[in-house]
Amino acid sequence: MYKKELDNLLKSNIPRASFLYGECDFLIDYYGKKIKQIIIKNTDVDVFSFYFDEYNKNTIIDIFSQQSLFSTASLVYIKMDSTKVKKGRDSDFKDFINILKNNPQNYLIVEFYNNGSQNYTKDTKTISTYFNNNDFINARFFKPSTKEALEMLQDSAKINKINISQANLAYLYELQNYEIGICINELQKFVVFQREITKADIDTLCYGLFTNTIDELCDSILARRDYIKILIKLEEYGISDMDMINTMYGYFYKLFLFFSYIKTSGIYNSKDVLGYTLPKNIEDKYVQFATRLKEKQYLEIFKTLNNWRLSSITGIQKNYLPNLIKIQAIIT
């Protein structure tokens, strides 16, 4: 199931076993904690946690089996990554589920993170088959859309009684390279404020993950200005290929959204295009650059970024400049 289905399920049902995985570490952690708190709130349980170190299968089996003798409940909470699933160990979860079926007072939560393993997709497909009904669930999480992320940030701000506008939440989200988990943590800095949070407050207290500088780099490429000094600054920051690729992808994707909207409607409004309102000068900049490119150029840019990502993952290439030159050539 996906996030929306899980939200609906949790309104009326407490899953006995949960396997949480996907492309968004924040949501895996968030829903693992959420399900854990629901169980603790509704059941008298002892919690046994295993964090990233190799869990011991026999220990977990003993926990589930012994507790059944005393009619008390146990919750086994496992955080693990893709490097910990060795050949044959995916069947451990089948055994855990079979034991849980005979010990209905116990619970299991597994948070499964991708740590760069090429087998992650295969492992999740195998393990998720054991979690196949409303009592034993599997949930896959994707990186939230901008709309979903802003809704989560608004909920967090409301819970913590932080007075901040949607526009400034969007600014914080962009500043932190669209990392929802970092944004949630950054919001805690404003809990003590008894007034509305401004953009200046965010600039003062929040350190952006290269986003502004990479935007400057993209601006310079599109404006056909020299960008070497900006690139040197990014290298001094120690930016990785993936940071560069992800932020540039987000930049050109926003341009493409403006391009598509203007092409179909003949008008533009950042609220309609992105789901939130941009400052007028930023909106005008995106429109100017978006309409400068053609559909074929967008396609070539995204192909270049995808190839760059593949090269970075496989370790073939660790140099920004050749790819930036390719993008520059496409734009020119």
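Values computed for the structure shown
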| item | result |
| --- | --- |
| Residue within the stretch 141-155 that is in contact with a Ser or Thr (Cβ under 6 Å, 6 or more places away or on another chain) and either buried (at least 18 other Cβ atoms within 10 Å of the Cβ) or of a type outside the set (Lys, Arg) (or both) present | no |
| Test result for residue 212, modelled with pLDDT under 85 and not aliphatic (A, V, I, L, M) | yes |
| Residue within the stretch 188-196 that is surrounded by fewer than 19 Cβ atoms within 10 Å (Cβ to Cβ) and closer than 28 Å to residue 253 by Cβ present | no |
| Number of the exception - residue 242 against (1) surrounded by 19 or more Cβ atoms within 10 Å (Cβ to Cβ); (2) out of contact with any Phe, Trp or Tyr (no Cβ under 9 Å at 6 or more places or on another chain); (3) among the aliphatic types (A, V, I, L, M) | (1) |
| Selection count, the stretch 1-54, where residues are under 21 Å from the mean Cα position of the chain (by Cα), charged (D, E, K, R) and part of a strand (DSSP E or B) | 0 |
| Qualifying residue in the stretch 319-329 (condition: at pLDDT below 80 and either of a type outside the set (S, T, N, Q) or farther than 24 Å from residue 175 by Cβ (or both)) | yes |
| Pairs, first assigned by TED's automatic domain parsing to the domain that holds residue 327 in the stretch 280-307, second among the small types (Gly, Ala, Ser) and part of a helix (DSSP H, G or I), C-beta under 6 Å, six or more apart | 283/270 |
| Boolean, residue 174 is closer than 21 Å to residue 270 by Cα and modelled with pLDDT under 85 | yes |
| Residue within the stretch 219-232 that is of a type outside the set (S, T, N, Q), modelled with pLDDT under 85, in a helix (DSSP H, G or I) and surrounded by 13 or more Cβ atoms within 10 Å (Cβ to Cβ) present | yes |
| Single residue of 286, 253 found to be hydroxyl-bearing (Ser, Thr, Tyr) and touching a helix residue (DSSP H, G or I) at 6+ places or on another chain (Cβ under 7 Å) | 286 |
| Residue list for the stretch 31-54, filter: among the hydroxyl-bearing types (Ser, Thr, Tyr) and surrounded by fewer than 19 Cβ atoms within 10 Å (Cβ to Cβ) | 43, 49, 51 |
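The values are calculated or read from the model by the stated rules, or taken from the named source; none is laboratory data. This structure is a prediction, so every number in the text was calculated from the model and none was measured. So basically every Cβ, Gly included, is an ideal-geometry build from the backbone, and we count neighbours across all protein chains shown.
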